[in-house]
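The block underneath contains the structure these notes are about, expressed in structure tokens.
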């Protein structure tokens, strides 16, 4: 039985979670001794298929149906491909879109659904690692049977790298008409930037103390050519908009460099940025949890440290 990964795109671009899901899917395929298939549904399927032709992918299936995500199209196409390919495992991102159709897909296939995986292991059966209570508790779930739909959390697997030699085919899938159809996409409250796309993030926490002090961190971000983000208390105070929030209740980010300024490192925040390539933290408390995952730690007052850094990079 093969493994099928469903890619995700938005407004003409493949999302990073697609490449992370491929890594998880390849890991699962290796452990099951099976082929890895990737499906892309809707949008510019030819261009997407070329981008998804990564190392470890055996075949890519392009379903030309609409421009944006549509529940009916994804559920129908994914179910048809899973049957056609004898896919024992279907892997999707644990995103708003993935969680929209994954339950219906599992129901249509008559298989088990497991969501929000942060780790997988397969040895005569699937064991999934999940987190609960705001990532304070880690649990394992043993999945009965060989067939399942699995959603994987973003930022937990590295994006797949390398160019592959997968076969690419246009998949002819009959998507029946439904009572609802997506005709467009509108980013509500999205603001002027998507922090998930940033290569360098400077993120500010409650250590900034007052709203007027944000100007210092904004100057630092400008000096680096970085994007400004924040932990939840800054957004809850109304000092920065919701689209700038990193964490479980914000966005999961995986930049090349993540600089945490005045952030203690609560588990909810760490869950949203621990996949960053390089993490640098500035905090007065040498025992701050953020230092447990930081590659570089600066123990000091941000009001002393940040001006020095601005002078260095400006």
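Derivation of every value follows stated rules applied to the coordinates shown; laboratory data play no part. Worth saying up front: this structure is predicted, and the values here are computed from it rather than measured. Backbone-built Cβ (ideal geometry, glycine too); neighbour counts: all protein chains shown.
Once you keep just the Cα pairs under 8 angstrom separated by 6 or more residues, what percentage relative contact order results for the chain?
Across the chain, relative contact order equals 15 percent.
Considering the Cα trace of segment 47-100, what is its radius of gyration and what is Dmax, both in angstroms?
11.9, 30
For segment 117-165 and segment 1-44, what is the centre-to-centre distance using only Cα atoms, to the nearest Å?
What the calculation gives is 14 Å, centre to centre.
222 nm [θ] for the chain, helices only, -39500 (n - 2.57) per DSSP H run of 4+, per residue, to 500?
Numbers: 8 runs with 84 residues, N = 314.
Estimated from H runs of four or more residues: -8000 deg cm²/dmol.
What relative contact order, as a whole-number percentage, does segment 2-170 give when Cα pairs under 8 Å and 6 or more residues apart are counted?
Relative contact order here is 30 percent.
What value in Å³ per residue do you get for the convex hull of the alpha-carbon atoms in segment 263-305?
Details: hull volume 2.7 nm³, N = 43.
So the per-residue hull volume is 63 Å³.
Residues in segment 33-55, backbone N under 18 Å from the label point at residue 163 (7 Å along the Cα-to-beta-carbon vector): list them, ranges by number please.
Label zone hits: 46-55.
Modelled label-to-label distance, residue 99 and residue 46, 7 Å Cα→beta-carbon offset: nm?
Each label point lies 7 Å from its Cα, and together they span 3.7 nm.
How high is the relative contact order of segment 181-314? Use alpha-carbon pairs under 8 Å, at least six apart in sequence, and give a whole percent.
Computed value for segment 181-314: 24 percent relative contact order.
Give the calculated FRET efficiency between residue 127 and residue 64 to the nearest 0.05, with a Förster radius of 30 Å applied to their Cβ-Cβ distance.
0.25
Could you grab the Rg to Rh ratio for the chain? Cα atoms only, Kirkwood for Rh.
1.01
Quick one: what do you get for segment 66-178 if you divide its Cα Rg by 2.2 N^0.38 Å?
1.15
What number in nm² do you get for segment 195-313 if you take the convex hull of its Cα atoms and divide its surface by four? Please list the in-between numbers first.
Working: hull surface 24.4 nm².
With every direction weighted equally, the projected area is 6.1 nm².
When each pair of different Cα atoms in segment 210-254 is counted once in the 1/r mean, what is the Kirkwood radius in angstroms, to one decimal?
Radius from the Kirkwood sum: 11.0 Å.
Just to compare against my own numbers: the Cα pair-distance distribution for segment 104-145, 10 Å bins, whole % per bin, please.
26, 47, 25, 2
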